[in-house]
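Take a look at the structure set out below.
The values are calculated or read from the model by the stated rules, or taken from the named source; none is laboratory data. Note that the coordinates shown come from a computational prediction; the quantities given were computed from them, not determined experimentally. FYI the Cβ positions are ideal-geometry reconstructions off the backbone, even for glycines, and counts take in every protein chain you see.
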Amino acid sequence: MDFMALLGRCLGNFQIVERVITTFRDTGRSDLNQLQLAMERGDFAAVVEVSHRFKGAASNVSAVGLAKLLIRAELSGREQDHVELKRILADLQPEWEAFMNFAQTFAPAKTTIKHGPVVQTQDTSETRHACAGC
Amino acid sequence: MRVLVADDDSVTSVMLEYCLEQFGYEVTVVDNGLKALELVRTGEYQLVISDWSMPKMTGLELCRQIRKRPSSSYTYIILLTSHEGTDSVVEGLDAGADDFITKPFQPEELHVRLRAGERVLALESRDVTIFALAKLAESRDLETGAHLDRIREYCRILCENLLEQGPYTGEIDGDFGRMVYLTSPLHDIGKVGIPDRILLKPGKLTDDEFEVMKQHALIGSETLDAALQTRPQAQFLRMARDIARSHHEKFDGTGYPFGLKGQDIPLCGRIVALADVYDALTTKRIYKPAFSHDESRAIIVEGSGRHFDPAIVNAFLETESEFVEVRQRIANNESPAPVEPGYRPLPLLPSYAQSIGRNVIARESVISW
């Protein structure tokens, strides 16, 4: 993660950085789940849509590694390459967790529970919505 | 200024909202294109930043819908996208986007692109404002719209010559010329504040009436100055104010309202002064016939260094055939003084102005100029 780039994009405001990371923690988790489900369904259109959105958010948060993987995921979705997609998703999971560990320093997460392959907090989509409008 | 952000990505929305607020914008965030379109339709948003890929309505479709709808004002749209490549740019522009920002966005880039958008919107409001004011001026002017059209054409000719020949090349550039062209029709806007009994009086004004009439320069400049106070960055208002205030000043300091002299008179006012007088001389008024170009030319040359800036008189003499062409092309309903086909400027007769009674004309012309 390029923290300085993120800080610059938040005009040097640590509170905004924290808010952005908190928001990304929720949306990213949701997107990762959706991506997993779309792949399992073989819904390549959804794979392209979700990875494109996730990629945009990841690049704005300066989660460089995630953004690179998501570029590949979007491309594989367009090419309907299930094998490559599966490989990318396997890489995405540890990359996501690495990002979350790093982000923990700047925006400590609430108590978490395990839910399938993706770590999920008790925050809901309403939380995400509230953050978007705040 | 208000900015509408349409993005289904909450992360980007949070960052954009914060940055835009720090830049001084009033921000509204929505998470899909349909909501954005509804808000644009209220007419309250002229600057829109939209994500490309969104649920319900994409950024591209939003652009198309905004462009499709009839509107009294322009909406400047910046597409925010992770799409790269020329094809995407072409597709976006074709849909009606004005500009692009790619993710990850850079706040500085975002800021300058928004400022570019504001400049475009300011141009639109400038033209609308000038048009509205010019129509207002016209409604109270004894002269026709053709008078205003000729004035600005004369100003354009003078500016082009002065730009090429000097001596004001440091002050005049293309933008200055365009601005004089746009704002010169507002020179008499202050006449809206002159009572009908004086403004529409067919005969000669008394001294008291003339004093009231002279107030139009101040009324016009004060009106435009009040507008300028609310939009200090609007250069066209500044120039319109200067023209309204100074187009009756004379180079030797005997004009009004302030008796400014020489270079103290704004250049735009000195240019409009000559254009206005030339047009007044060459068109028929209730108290005088239309003078020929040569008669008018003689009066203007006579006034060089007294009424008019000599450099501007020189510019006039160098471009007089163009003045004649404009006078022929943009005629009033009543015929202007006849001009022979294939007109060539005649040499000036030094005593001509005196022979037609310059002093009388000067006084009468003040009424209408």
Assuming B:Gly96 fulfils every condition listed in (1) closer than 28 Å to A:Leu66 by Cβ; (2) within 31 Å of the chain's Cα centre (by Cα) apart from one, which condition is it?
(1)
Please enumerate the residues belonging to segment B:204-234 that are of a type in the set (A, V, I, L, M), in a loop (DSSP other than H, G, I, E, B) and surrounded by fewer than 15 Cβ atoms within 10 Å (Cβ to Cβ).
none
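In the set B:Lys201, B:Lys191, which member is assigned to a loop (DSSP other than H, G, I, E, B) and among the charged types (D, E, K, R)? Give the derivation first.
Details: B:Lys191 fails: assigned to a loop (DSSP other than H, G, I, E, B).
Just a single option satisfies the conditions, and that option is B:Lys201.
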How many residues are at the interface with another protein chain (Cβ under 7 Å from one of its Cβ atoms) and in a helix (DSSP H, G or I) if we restrict to segment B:6-23?
9
Take B:Glu61 and decide whether it is in contact with a Lys or Arg (Cβ under 6 Å, 6 or more places away or on another chain), of a type in the set (Asp, Glu), surrounded by fewer than 18 Cβ atoms within 10 Å (Cβ to Cβ) and away from chain A (no Cβ under 14 Å).
no
Single condition A:Ser62 does not satisfy, out of (1) farther than 22 Å from B:Ser13 by Cα; (2) in contact (Cβ under 8 Å) with a residue 60 or more places away in the chain; (3) within 14 Å of another protein chain (Cβ to nearest Cβ); (4) not hydrophobic (A, V, I, L, M, F, W, C)
(1)
When residues of segment B:24-42 are filtered for being β-branched (Val, Ile, Thr), assigned to a helix (DSSP H, G or I) and over 32 Å from the mean Cα position of the chain (by Cα), how many remain?
0
Here the residues within segment B:108-136 that are within 28 Å of A:Ala67 (Cα to Cα), crowded, with 18+ Cβ neighbours inside 10 Å and either within 14 Å of chain A (Cβ to nearest Cβ) or out of contact with any strand residue (DSSP E or B) (no Cβ under 8 Å at 6 or more places or on another chain) (or both) are B:Leu110
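Considering only segment B:312-320, I want to know if a residue exists there that is outside any loop (DSSP other than H, G, I, E, B), at pLDDT below 80 and more than 29 Å from B:Lys191 (Cβ to Cβ).
No, segment B:312-320 contains no residue that is outside any loop (DSSP other than H, G, I, E, B), at pLDDT below 80 and more than 29 Å from B:Lys191 (Cβ to Cβ).
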Name, by its number, the condition in (1) at pLDDT 90 or above; (2) in contact with an Asp or Glu (Cβ under 6 Å, 6 or more places away or on another chain); (3) within 11 Å of chain B (Cβ to nearest Cβ) that does not hold for A:Ser76.
(3)
Looking at B:Tyr25 and the list (1) out of contact with any strand residue (DSSP E or B) (no Cβ under 9 Å at 6 or more places or on another chain); (2) in contact (Cβ under 8 Å) with a residue 24 or more places away in the chain, which single condition is not satisfied?
(1)
Here are A:Leu7, A:Leu11: which of them is at pLDDT below 90 and closer than 19 Å to B:Gln106 by Cβ?
A:Leu7
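Could you list all residues from segment A:65-109 that are outside any helix (DSSP H, G or I), free of Cβ contacts under 8 Å to residues at least 40 places away in the same chain and surrounded by 15 or more Cβ atoms within 10 Å (Cβ to Cβ)? Let's see the steps before the verdict.
Of segment A:65-109, the ones outside any helix (DSSP H, G or I) are A:80-81, A:105-109.
After this cut, where a residue has to be free of Cβ contacts under 8 Å to residues at least 40 places away in the same chain as well, the list is A:80-81, A:105, A:108.
Once the filter is applied, which keeps residues that are outside any helix (DSSP H, G or I), free of Cβ contacts under 8 Å to residues at least 40 places away in the same chain and surrounded by 15 or more Cβ atoms within 10 Å (Cβ to Cβ), segment A:65-109 yields only A:Asp81.
Report yes if some residue within segment B:167-175 is outside any helix (DSSP H, G or I), out of contact with any Leu (no Cβ under 8 Å at 6 or more places or on another chain), in contact (Cβ under 8 Å) with a residue 60 or more places away in the chain and farther than 21 Å from B:Ala280 by Cα; otherwise report no. Write out each step before concluding.
Just the residues of segment B:167-175 that are outside any helix (DSSP H, G or I), to begin with: B:167-173.
Next cut, out of contact with any Leu (no Cβ under 8 Å at 6 or more places or on another chain) only: B:167, B:170.
Adding the requirement that they be in contact (Cβ under 8 Å) with a residue 60 or more places away in the chain leaves B:167.
Pick out the ones that are also farther than 21 Å from B:Ala280 by Cα and you get B:167.
Scanning segment B:167-175, I find at least one residue that is outside any helix (DSSP H, G or I), out of contact with any Leu (no Cβ under 8 Å at 6 or more places or on another chain), in contact (Cβ under 8 Å) with a residue 60 or more places away in the chain and farther than 21 Å from B:Ala280 by Cα, so the answer is yes.
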From the list B:Asp98, B:Asp94, which residue is modelled with pLDDT of 75 or more and touching a Gly at 6+ places or on another chain (Cβ under 8 Å)?
B:Asp98
Checking A:Met1 against (1) facing chain B (nearest Cβ under 8 Å); (2) part of a loop (DSSP other than H, G, I, E, B), the condition it does not meet:
(1)
Across (1) at pLDDT 90 or above; (2) within 23 Å of the chain's Cα centre (by Cα); (3) buried (at least 24 other Cβ atoms within 10 Å of the Cβ), B:Ala298 clears everything bar (2)
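One line per residue, one yes/no per condition, for (1) within 21 Å of the chain's Cα centre (by Cα); (2) at pLDDT 90 or above:
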| residue | (1), (2) |
| --- | --- |
| B:Glu171 | yes, no |
| B:Gly174 | yes, no |
| B:Leu186 | yes, no |
| B:Pro195 | no, no |
| B:Ile198 | no, no |
| B:Pro202 | no, no |
| B:Asp208 | no, yes |
| B:Glu211 | no, yes |
| B:Gln215 | no, yes |
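Here is a check on your reading of the model: is A:Leu35 touching a helix residue (DSSP H, G or I) at 6+ places or on another chain (Cβ under 9 Å), farther than 23 Å from B:Thr81 by Cβ and either of a type in the set (A, V, I, L, M, F, W, C) or facing chain B (nearest Cβ under 9 Å) (or both)? Before the answer, list the steps.
Numbers: touching a helix residue (DSSP H, G or I) at 6+ places or on another chain (Cβ under 9 Å): yes; farther than 23 Å from B:Thr81 by Cβ: no; either of a type in the set (A, V, I, L, M, F, W, C) or facing chain B (nearest Cβ under 9 Å) (or both): yes.
Against the criterion (touching a helix residue (DSSP H, G or I) at 6+ places or on another chain (Cβ under 9 Å), farther than 23 Å from B:Thr81 by Cβ and either of a type in the set (A, V, I, L, M, F, W, C) or facing chain B (nearest Cβ under 9 Å) (or both)), A:Leu35 does not qualify.
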Count, please, the residues in segment A:38-56 that happen to be within 11 Å of chain B (Cβ to nearest Cβ), among the hydrophobic types (A, V, I, L, M, F, W, C) and either over 12 Å from B:Thr12 (Cα atoms) or out of contact with any Leu (no Cβ under 9 Å at 6 or more places or on another chain) (or both).
2
Evaluate the following for B:Arg245: is it without any contact (Cβ under 8 Å) to a residue 40 or more places away in the chain, in the same structural domain as B:Pro167 (by TED's automatic domain parsing) and surrounded by fewer than 21 Cβ atoms within 10 Å (Cβ to Cβ)?
no
